[in-house]
Structure formats: C-alpha cells, structure tokens
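Quick notes on the structure that follows.
The values are calculated or read from the model by the stated rules, or taken from the named source; none is laboratory data. A quick note: this is a predicted structure, and the numbers were derived from the prediction, not measured. Cβ coordinates were reconstructed from backbone atoms using ideal geometry, including for glycine residues, and neighbour counts include every protein chain displayed.
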2 protein chains.
Amino acid sequence: MDFKTEFKPETIQPQQIEVRSFEMIDEEIDEHQFPEEQYPVVRRVIHASADFELGKSMIIHPDAVQAGIKAIRDGRKIVCDVQMVQVGISKPRVEKYGCDVNVYISDPDVVEEAKRLNTTRAIISMRKAIKEAEGGIFAIGNAPTALLELIRLVKEGEAKPGLIIGMPVGFVSAAESKEELAKLDIPFITNLGRKGGSTVTVAALNAISILADQV
Amino acid sequence: MDFKTEFKPETIQPQQIEVRSFEMIDEEIDEHQFPEEQYPVVRRVIHASADFELGKSMIIHPDAVQAGIKAIRDGRKIVCDVQMVQVGISKPRVEKYGCDVNVYISDPDVVEEAKRLNTTRAIISMRKAIKEAEGGIFAIGNAPTALLELIRLVKEGEAKPGLIIGMPVGFVSAAESKEELAKLDIPFITNLGRKGGSTVTVAALNAISILADQV
C-alpha cells in the first residue's frame with residue numbers, strides 16, 4: 001500500500017484530544033449531582049454524546065461503580081444487546097482480567113426460538129445470557145425489549161447480574177424501560193428520557209473498565 | 001438451550017416500534033427546512049438519537065440523496081471510519097447491489113504506517129480508502145481527523161467519493177470538521193455542532209439504502 005501524500009501532518013493524537021475534551025467538559029458542566037466516584041462515568045458519556053443534558057439525566061445506583069469494578073476484576077462475562085455495543089467496548093482492558101464480551105442476538109438458537117415464540121430476538125437473547133453470564137455486566141444500548149425482559153428476570157429471581165448498564169434510545173418503550181430499571185435495588189447505570197444508545201452505553205462500560213484498571 | 005420461562009409475551013415487534021416511532025417524530029417535529037427527498041434521512045437520524053435538535057442541525061447537499069442512491073445501486077464500496085459504524089449498517093440491503101462495507105483503521109499496513117508517520121490510524125485509513133473505494137460512500141461517525149483528511153484529499157483532487165456522510169461527535173475538531181465538509185460542493189450529509197456519532201451516521205446511511213431499495 002502506498003500512503004504517500006504531500007500532507008505534513010501536525011497530528012493531534014486521540015489521547016490528547018481526549019484529555020482536552022475532558023478539560024472542556026469539566027469547565028462547562030456547571031453544577032451536577034454526581035458523587036466523585038460516579039463522575040468519570042458521566043463525563044465519558046458526555047464525551048461520547050457531546051450532550052450535557054443526556055449526561056445530567058443519568059441515574060447511577062450507589063453500588064454501581066464498585067460492582068462494575070468488581071465484576072471486571074473477577075473476570076465476569078460482559079453481555080451486550082447488539083453488536084454495535086460489543087465492538088465499541090475496549091477489549092484489551094477487560095480481557096486482561098478474563099472478561100469476554102458477548103452478544104447473543106444473532107445466535108442461531110436465539111433466532112429460531114424467537115421465531116417459534118413470535119417474540120423478539122432481543123428478549124430471547126437475554127434469556128440465554130442470564131444462564132451464561134451470572135454476575136456479569138449487561139450493557140444494553142439499543143433494545144428496550146431486552147432491558148424490560150432482563151428487569152423481569154431479575155424481579156422473578158431468575159437473573160443475578162453484577163451490573164446492568166441500560167441506556168437504550170428511542171421513542172417507544174426506551175424511556176419506560178429505563179424508569180423500570182431505576183426502580184430496582186441492584187447495581188445499575190441508566191438515564192431518564194428518550195436519549196441514549198450504543199455509543200453512550202459503550203462509554204459507560206469503558207469508564208468502568210478504566211476505573212477497574214486503576215490501582 | 002432451554003429458553004422456557006413463565007413469561008407470556010405480548011411482544012411488540014421491532015417493525016411496529018419503528019412505524020410508531022416515525023409517527024411520533026412526524027407529529028412532534030414542528031417546522032423544518034428539509035425538502036421531501038431529504039426528510040427520510042433526517043427522520044431516521046432523529047429516530048436513532050431521540051434528538052430533534054441534532055436532526056434539525058443537519059445540512060444535506062442538494063445532490064446527496066440521489067448520489068447516495070446511485071452509489072448503492074451501482075454497487076460502490078462503503079467505507080466506515082470505525083467498526084461501530086461498519087457493524088451498524090444493514091448489510092443485506094446493500095450487499096444485494098454488490099456494495100461491501102469496509103473499515104481500514106485496524107489493517108496492519110494502516111497501523112504500521114500511522115506509527116511510522118506519527119499520525120493517527122484514522123488519517124492513514126482514509127488514504128488507503130480513497131484508493132480502494134473511488135465513487136463510494138464514506139461514512140464517518142467517530143474520527144474528526146478522518147473527516148478532515150478526507151476533505152483535504154477531495155480538495156487536492158486525490159479523492160472522488162460518491163457521497164460523504166460525515167457526522168463525528170466531540171469537543172475537539174468535530175464541529176470544525178463538519179463545517180469544512182459543509183463548504184464542499186460535492187454530495188455530503190452532515191450536521192453542525194458537537195453532536196453526532198456512530199449511531200446517527202449509521203442511521204443516515206441506512207436511510208439512503210432504504211431509499212435505494214425502493215422502486
């Protein structure tokens with residue numbers, strides 16, 4: 001491959017961009033309600049969305065950050081609702097603790113069972129996930145039906161996730177699913193309202209893994 | 001795999017959710033400046049972000065929609081800056097016209113060359129892409145440096161993309177890169193300001209491929 005061009009790059013490296021971005025967020029955020037321990041998660045969500053309103057709409061269970069750190073250090077599985085979340089998660093930092101990052105929504109047994117029950121693949125993927133990822137981190141950024149099903153499984157005592165990061169986006173069921181999540185007394189990270197999505201869910205997960213990887 | 005639970009799902013299918021979401025967007029959007037041809041792109045971006053402000057901040061070149069439709073029907077390559085964009089793009093609809101969906105940022109030759117030149121992999125990936133994807137669609141949702149480099153290559157006559165979808169998010173360079181894109185007189189889809197990201201870039205691309213696939 002020939003990459004030659006006349007361009008003499010005064011390149012800003014991604015690392016420097018991130019440092020400067022975080023400084024700008026700290027300068028611009030004004031007041032917020034988040035304790036010191038939770039702020040790195042909120043800040044990374046703002047960084048990924050450029051949306052202070054979204055960041056400030058976050059609700060983080062008091063045990064969530066520590067639970068997430070523990071799940072990663074214990075090498076628990078990470079479960080994503082969709083592939084966009086899976087590929088966004090920074091792998092080396094979690095794999096070094098033995099965590100692997102899974103998504104079940106396109107598994108042939110999930111597709112087949114969803115068809116048979118006339119339900120969504122997202123729902124069936126959560127039923128599979130809870131059996132394979134007890135104590136793990138569930139990162140749900142796209143499918144409200146996945147989050148609602150996971151909440152139901154928790155309530156019925158069938159699922160015991162270490163941490164739920166639930167931030168689906170959308171006009172139908174997304175806000176409602178996050179309100180339900182915020183009522184649970186287990187470790188969760190979520191936000192109120194319609195906004196959310198794969199990129200901010202990834203950001204929250206990556207923030208937790210960075211914290212887990214610090215001494 | 002045993003999926004049995006007591007749950008009797010009154011499942012809302014994703015298809016129904018999308019139809020209802022679009023109705024809600026149509027009801028809530030108030031006035032906007034987009035011609036009929038462009039509105040499906042804007043609406044899908046709002047759907048993916050639940051953010052009317054972001055949708056209304058879009059700037060779409062008058063030739064963009066037709067150029068995107070033509071590129072897909074002609075089976076041109078689709079180039080993404082990052083893997084999150086690549087996996088989000090709905091594949092069957094573009095592959096049926098012979099388009100494949102590429103991302104070069106982790107290619108060994110790109111990584112090596114970026115190290116050698118002390119620049120970003122995003123920049124080098126664009127230099128590789130323009131050689132392999134003339135006339136193709138460039139979907140840039142994450143890296144402002146990729147977009148700025150692509151703009152430079154267009155200005156210098158080295159790149160002839162069929163359509164640039166450039167919607168990177170962030171505090172440093174993202175807004176500036178999109179302002180530069182909006183000055184070009186070639187087909188582009190972008191938005192002003194810091195907001196953007198992989199999910200909305202995917203939404204814009206998928207909107208174009210849906211249009212291409214309609215009679």
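Brief remarks on what is shown
- Residue count, segment B:47-58 (criterion: touching a residue at least 12 places away in the same chain (Cβ under 8 Å) and assigned to a loop (DSSP other than H, G, I, E, B)): 2
- Which numbered condition B:THR119 fails, given (1) of a type outside the set (Gly, Ala, Ser); (2) under 21 Å from B:ILE210 (Cα atoms); (3) touching a Ser or Thr at 6+ places or on another chain (Cβ under 8 Å): (2)
- Residues being among the basic types (Lys, Arg), more than 10 Å from chain A (Cβ to nearest Cβ) and either under 22 Å from B:SER198 (Cβ atoms) or part of a helix (DSSP H, G or I) (or both) - total across segment B:119-166: 1
- Flag if B:VAL101 is under 18 Å from the mean Cα position of the chain (by Cα) and of a type in the set (A, V, I, L, M): yes
- Apart from one condition, B:SER173 fits all of (1) within 12 Å of chain A (Cβ to nearest Cβ); (2) small (Gly, Ala, Ser); (3) under 27 Å from A:VAL82 (Cβ atoms); the exception is (3).
- When B:GLU37 is tested against (1) buried (at least 19 other Cβ atoms within 10 Å of the Cβ); (2) closer than 19 Å to B:ILE210 by Cα, just one condition goes unmet, and that condition is (1).
- Residue in segment B:200-212 that is among the aliphatic types (A, V, I, L, M), surrounded by fewer than 22 Cβ atoms within 10 Å (Cβ to Cβ) and within 14 Å of another protein chain (Cβ to nearest Cβ) present: no
- Unique residue being in a helix (DSSP H, G or I), free of Cβ contacts under 8 Å to residues at least 12 places away in the same chain, closer than 30 Å to B:GLU113 by Cα and not small (Gly, Ala, Ser) when the list is A:ARG20, A:ARG44, A:ARG116, A:ARG93: A:ARG20
- Residues in segment B:179-195 that are within 14 Å of chain A (Cβ to nearest Cβ) and more than 24 Å from B:ALA212 (Cβ to Cβ): 4 in all.
- Taking the numbered list (1) assigned to a loop (DSSP other than H, G, I, E, B); (2) free of Cβ contacts under 8 Å to residues at least 12 places away in the same chain; (3) crowded, with 21+ Cβ neighbours inside 10 Å in turn, B:VAL87 passes all entries but (1).
- None of B:VAL110, B:VAL94, B:VAL169 is at pLDDT 95 or above, in contact with a strand residue (DSSP E or B) (Cβ under 8 Å, 6 or more places away or on another chain) and not acidic (Asp, Glu) except B:VAL94.
- Test: residue in segment A:105-113 that is polar (S, T, N, Q), more than 15 Å from the chain's Cα centre (by Cα) and not in a loop (DSSP other than H, G, I, E, B): no
- Scanning segment B:115-125 for residues being farther than 17 Å from B:MET84 by Cβ and buried (at least 22 other Cβ atoms within 10 Å of the Cβ) gives a total of 3.
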